[in-house]
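Some notes on the structure that comes next.
The values are calculated or read from the model by the stated rules, or taken from the named source; none is laboratory data. This is a predicted model, so every value here is computed, not measured. Glycine also receives a Cβ, built like all others from the backbone with ideal geometry; neighbour counts cover every protein chain displayed. Ligands, DNA and RNA are excluded from the accessible area calculation, which covers all protein heavy atoms including side chains. Shrake-Rupley method; radii C 1.70, N 1.55, O 1.52, S 1.80 Å.
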Amino acid sequence: MTGLVKGKKVDWGGFFLYLFLTLFGLLMLAPLVYMVSTAFKPISELFLFPPRFFVMNPTFLNFRDLLLITGTTSVPFSRFIFNSLLISSCIVGFGIIVSAMAAYPLAKHNMPFRSAIFNMVVLAIMFSPLVVQIPQYLLISKIGLINTYWAMILPYLAAPVGMFLMTQFLRQIPDALLEAARIDGASEWKVFWVVVIPMLKPAIATFALFSFISAWNDPYPAMVYTTDQDMKSLPLAIQTLSGGYGVVARVGTLAAASLLMIVPTIIVFIVTQRLVLQTMAHSGLKE
């Protein structure tokens, strides 16, 4: 608030700007707050009219009902959570390695057709993922990966956004730094892991955040590449729960499931927030 005071005069323009941004930020948080509130509402409050925004008598019955509903099937709800955590973690972890290893030669080596390859990466960003879904399915089916975790992981490891982001970020690293490491006797592999990867942390954190959110919230892989119930993911399980639209009693259970689904994304955002902001500050998008 010190920036709002100029000498003895109050900067009313800046004050109202901060006030507007604060109110707008609270408005954006309203759906999340309402979801959390609904997750803890008893059935009696779900039937109230007009509906209440905040819960009056919080309860954990919706979470119990969630386990009871999914407990009637052959697959427990915890299995869906495990599948989503495993798939999302593998997509993020292996995706970071693939993107970083692809970006390093594109940014720091005079490899043949470097510009053409980078232009293809940029071109791939412009295409909708729907364009490659049929070829991906045919390929996964031909090599016999249907009903396996690899079917839901491998198609998403080559991420054009990650390659583009890391390539542009790597171009900001001085070539002299890498040459100094080579002169000291470091192999190319050691230069990559000891020098390049630590300096790529902001770009890695940004890509990890976007990649995790995308993988965690996507029901498509489990819907297309699996037929076994024990291979399904959490987003697909929530879609099954939401099949009873119009049933008020199930709204609380659906909100409880949605809350469990959004918690990991909030945790990942909190962990990576500082590095993501650092990436935005340095932009990483300049030649």
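Would you mind stating whether residue 152 is assigned to a helix (DSSP H, G or I), open to solvent by less than 40 Å² (accessible area, probe 1.4 Å) and farther than 24 Å from residue 233 by Cα?
Numbers: assigned to a helix (DSSP H, G or I): yes; open to solvent by less than 40 Å² (accessible area, probe 1.4 Å): yes; farther than 24 Å from residue 233 by Cα: no.
Taking the combined requirement at face value, the residue does not satisfy it.
Here is a list of conditions, (1) surrounded by 15 or more Cβ atoms within 10 Å (Cβ to Cβ); (2) touching a helix residue (DSSP H, G or I) at 6+ places or on another chain (Cβ under 6 Å), and residue 105 meets all of them except one; can you say which number that is?
Exception for residue 105: condition (2).
For segment 30-67, which residues satisfy the criterion of being in contact with a Ser or Thr (Cβ under 7 Å, 6 or more places away or on another chain) and open to solvent by less than 60 Å² (accessible area, probe 1.4 Å)? Write out each step before concluding.
To start, the set of residues in segment 30-67 that are in contact with a Ser or Thr (Cβ under 7 Å, 6 or more places away or on another chain) comprises 35, 40, 42, 53-55, 62, 65-66.
35, 40, 42, 55, 62, 65, 66, listed by residue number.
Filter segment 205-224 for residues that are open to solvent by 30 Å² or more (accessible area, probe 1.4 Å) and closer than 11 Å to residue 165 by Cβ and give the result. Break it down into steps so the answer makes sense when it comes.
Step one: of segment 205-224, the residues open to solvent by 30 Å² or more (accessible area, probe 1.4 Å) are 210, 213-214, 217-218, 220, 223-224.
The one that is open to solvent by 30 Å² or more (accessible area, probe 1.4 Å) and closer than 11 Å to residue 165 by Cβ: 210.
I'd like the full set of residues that are surrounded by 21 or more Cβ atoms within 10 Å (Cβ to Cβ) and within 20 Å of residue 214 (Cβ to Cβ), limited to segment 161-189.
Of everything in segment 161-189, those that are surrounded by 21 or more Cβ atoms within 10 Å (Cβ to Cβ) and within 20 Å of residue 214 (Cβ to Cβ) turn out to be 162, 163, 164, 165, 166, 167, 169.
For residues that are under 17 Å from residue 223 (Cβ atoms) and of a type in the set (A, V, I, L, M), scanning just segment 137-179, find the one that is farthest from the chain's Cα centre (by Cα).
Going residue by residue through segment 137-179, those that are under 17 Å from residue 223 (Cβ atoms) are 137-138, 140-141, 145-156.
Applying the additional criterion that residues be of a type in the set (A, V, I, L, M) yields 138, 140, 145-146, 151-154.
Working: 138: 26, 140: 24, 145: 24, 146: 24, 151: 19, 152: 15, 153: 14, 154: 17 Å.
Per the criteria, the residue is 138.
Hey, any hits in segment 22-40 for a residue that's modelled with pLDDT of 75 or more and part of a loop (DSSP other than H, G, I, E, B)? Steps first, please.
Kept after step one, since they are modelled with pLDDT of 75 or more, are these residues of segment 22-40: 22-40.
Still in the running and part of a loop (DSSP other than H, G, I, E, B): 40.
Among the residues of segment 22-40, at least one is modelled with pLDDT of 75 or more and part of a loop (DSSP other than H, G, I, E, B), which makes the answer yes.
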